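Peer 1: Would you mind keeping the following structure in view while I ask a few things?
Readers should treat all values here as calculations from the given coordinates under stated rules, not as data from a laboratory. None of the values given here were measured: they were computed from a predicted structure. Cβ atoms come from the backbone with ideal geometry, glycine included; neighbour counts cover every protein chain shown.
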Amino acid sequence: MTTFITLPGIGGSGEDHWQTLWERSHPSMRRFTPSDWDRPQLSQWSDALQGAVDAAEPPIILVAHSLSCLLVAHWAAHSTSALAGAFLVAVPDPNAPAFPSAAKSFRAVPACALPFPSVIVASTDDPYSSAEYVQSRAQQWRSRLINIGASGHINASSNLGEWPQGKSLLNSFVSSLGLSDV
């Protein structure tokens, strides 16, 4: 069975966020747990991600939202752990005015290709990013880019509920890797 590690962004994913809802209904989804969701430090979050990967049974898919998409890029540039892939939702632009100052340690994002297959899911009206930024990250990371139209930051404020479209996109990605889906 495929193991899914969910990686919420700054603040963690609240009770109405699709990541939380997916975790409740799928025992194969496990949340990584940094020591502080509100004052993220890249080194501590990277250590927490490494710990979650080390504790998981392969094959492993990361399911990241927002700031944790940047975390995946930072972590992948230094880790030797093998992953099956990463599903990256709402990649933020660390130079955008809305980017939280508390997350400044994440700003120098690696531009190298990710060493595993990946998909970026983006919205046309994300207040934390732009279409141009997401396109450039997709090219640099060699990620497939899927634009889902106007869906805000693809979070609880977007009123997506369990986000069936996202689960379908995740299942399609996982199936393309020859793995069992959610």
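Peer 1: Place a +1 charge on the Cβ of each Lys and Arg in the chain and a -1 charge on the Cβ of each Asp and Glu, then give the dipole magnitude about the Cα centre in debye, rounded to the nearest 20. Numbers along the way, then the final one.
Peer 2: Numbers: 10 positive and 14 negative charges, 67 e Å.
The calculation lands at about 320 debye.
Peer 1: With only alpha-carbon pairs counted, each pair once and no self-pairs, how large is the Kirkwood hydrodynamic radius of the stretch 113-174 in angstroms?
Peer 2: On the way: mean 1/r = 0.0815 Å⁻¹.
Over the stretch 113-174, the inverse of the mean reciprocal pair distance is 12.3 Å.
Peer 1: Quick one: which residues, 5 or more positions from residue 147 or on another chain, have an amide H under 5 Å from its amide H? H modelled 1.01 Å from N in the peptide plane, none for Pro or chain starts.
Peer 2: Sorted by chain and number, the residues that satisfy this are 122.
Peer 1: So how much slack lies between residue 140 and residue 177, counting 0.36 nm per residue of separation and subtracting their Cα-Cα distance, in nm?
Peer 2: On the way: separation 37, 0.36 × 37 = 13.32 nm, distance 2.07 nm.
Computed gain between residue 140 and residue 177 is 11.2 nm.
Peer 1: I need the per residue convex hull volume for the chain, using only the alpha carbons, in cubic angstrom as a whole number. Don't skip to the end; give the middle numbers.
Peer 2: On the way: hull volume 18.4 nm³, N = 182.
Looking at the chain, the number lands at 101 Å³ per residue.
Peer 1: Among 28-39, 125-136, 12-23, how do they line up by average Cβ neighbours within 10 Å per residue, starting with the highest?
Peer 2: 12-23, 125-136, 28-39
Peer 1: Tabulate in residue order the Karplus-calculated ³J(HN,Hα) for the stretch 63-70, using 6.51 cos²θ - 1.76 cosθ + 1.60 with θ = phi - 60°, rounded to whole Hz; enter x for Gly and Pro.
Peer 2: Values per residue, Gly and Pro as x: 10, 9, 10, 6, 3, 5, 5, 5 Hz.
Peer 1: Starting from the Kirkwood radius over alpha-carbon pairs of the stretch 1-66, derive D by Stokes-Einstein at 37 °C in a medium of 0.692 mPa s and give it in µm² s⁻¹.
Peer 2: The diffusion coefficient I find is 272 µm²/s.
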